[in-house]
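Notes follow the structure.
Rule-based calculations on the coordinates, nothing more; no lab input. Model, not experiment: these values are computed from the prediction. Cβ atoms come from the backbone with ideal geometry, glycine included; neighbour counts cover every protein chain shown.
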Amino acid sequence: MKIAVIGTGYVGLVTGTCLAETGNDVICVDINEAKVKKMQDGEVPIYEPGLDLLFHRNIAQGRLIFTTDLAMAIKESKVIFMALPTPPGGDGAADLSYILGAAKDISNLVTEYKIIINKSTVPVGTADKVKAVFTANTDIEVDVVSNPEFLREGVAVEDFMKPDRVVIGTRSEKAKKVLTDLYGPYVRQGNPILFMDERSSELTKYAANSFLATKITFMNEVANLCELVGADVDAVRKGVGSDDRIGKRFLFPGIGYGGSCFPKDVQALVKAADENNYDFQILKSVMEINEKQKTILVDKVLKYYKNDIKGKHFALWGLAFKPETDDVREAPALYIIDALVKEGATVTVFDPEGMENVKNMIGDKVEFAADQYSALNNADALLIATEWSVFRNPDFDKIDILLKNKVVFDGRNLYDLEKMIDMGYYYNSIGRKLVEN
Ligand code: UDX
């Protein structure tokens, strides 16, 4: 099938590459000339496991090309994916200007039937708005379809190639047929393609992400309570998650959810509810609790140092909002850095992939270490913000030598409590017994 993907951000690039992998001819379009040039030269602009291989293979076989030429891409393609940003506007509602702008440009270029697919996370009613743009600008028949993307950063390729489900919002039989063919190779294991109306499809994405954010937030609160009542959240998590109705996944407490999706989507759903005179109370609480959770590690640090960390020096392991990504958008680590520095402390950080992005954001507010151990040099304590695998089993003998004191504040519960007791650490984690030694 001939496909155009408009926008080569996270979702667009993974979508385009994975669609090429099953034999489609994919033209990816972006307005950013420098970025397109880089991709034409074979450079993958994001860190995403497994993407490199597919990217290069499909470029080499001529199925994946990059261009700034929208007219050519539209002319060549039957199916047009829009994967454009929907940042929160000033009032918290998703800003649709990129999507509606692209719809207008495309509507001026179409000369025959096309299927326009919205992959971005968009408010309910967006498909209707996009359709209205086409109706206003052209007599050519188009179907505007909602097809939200559920891929997770870090496992994006795997998620695209084997999705739990594909949600497609359209009432057009013609579009349904084309999309059943297109997605067939990805659901061979039997996972469903769920057809529904456009509005239900658009809401499904927000509801899914908001539910997951709520699930995490609930466990974060349970963890906070565990500390107060002397329970262990790891045990509670397993006890709770063994109930099939709840499930074991997404129950790990930590220092709050971050990333480019959850914070934005929860906020947008609250806003959409407000606009329809519905007070989505549970999500408002989720947002409020998550804000507090992002600096819970700093609260623990302040308590330990009796509210005075002026002149103290901390090592921070982890910047990315989660492992296996260089994405630091809304990363709890940034809030931790901010709070520590505000209190007069200095910080040296290390992250396997996220350092460049943080450097671009906060410059010399912190020191950047070459590796995880040199970050510890002369630090009063170690803080952990991201559960990268390389932090899970470190050389504690080395840590002992480098850190001034054996003090660890762990926002991701990486270490065994007994082990930390045996090694004589002060170890403060989330929802578990405080190891004071
Ligand atoms: C999410 C959705 O999972 C995905 O379906 C959607 O398309 C985009 O948003 P992503 O942002 O890549 O994906 O991250 P995800 O792996 O879902 O994690 C989100 C946040 O929740 C992270 O900050 C993570 O650290 C946190 N989290 C996750 C927890 O704190 N505990 C958990 O048990 C799971």
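Remarks
- Spatial offset of segment 66-101 relative to segment 262-315 amounts to 31 Å, using the alpha carbon center of each.
- Electrostatic dipole magnitude of the chain [Cβ: Lys, Arg +1; Asp, Glu -1; Cα centre; debye, to 20]: 520 debye
- Annotation: extensible slack from Asp364 through Asp181 equals 60.8 nm (criterion: 0.36 nm per residue apart, minus Cα-Cα distance).
- Over all orientations, segment 293-404 has a Cα convex hull whose mean projected area works out to 6.4 square nanometres.
- Across Lys300/Lys433; Lys271/Lys322; Lys2/Lys75; Lys75/Lys174; Lys300/Lys398, pairs whose alpha-carbon gap is larger than 21 Å: Lys271/Lys322; Lys300/Lys398
- Shape call, segment 2-195: gyration tensor on alpha carbons, a/c limit 1.5: rounded
- Part-to-part distance (alpha-carbon centres) for segment 336-364 and segment 20-47, which is given in Å: 31 Å
- Normalised by the number of residues in the chain, the average gap of Cα pairs under 8 Å and 6 or more apart makes the relative contact order 11 percent.
- Amide hydrogen neighbours beyond the local backbone of Leu194, cut-off 5 Å, H modeled: Val166, Val167, Ile168
- Amide hydrogen neighbours beyond the local backbone of Leu84, cut-off 5 Å, H modeled: Lys119, Ser120
- The calculated 222 nm mean residue ellipticity attributable to helices in the chain amounts to -13000 deg cm²/dmol, summing -39500 (n - 2.57) over DSSP H runs of n ≥ 4 and dividing by all residues.
- Viscosity 0.890 mPa s, temperature 25 °C, Stokes-Einstein D of the chain from Kirkwood C-alpha radius, µm²/s: 104 µm²/s
- Interchain or long-range residues, amide H under 5 Å from Asp95's placed H: Gly89
- Between segment 373-393 and segment 133-205, the Cα center-to-center distance that results, in Å: 42 Å
- Of the DSSP H helices in the chain, those that are both long (alpha-carbon extent of 24 Å or more along the helix axis) and hydrophobic (Kyte-Doolittle mean at least -1.0) are 198-229.
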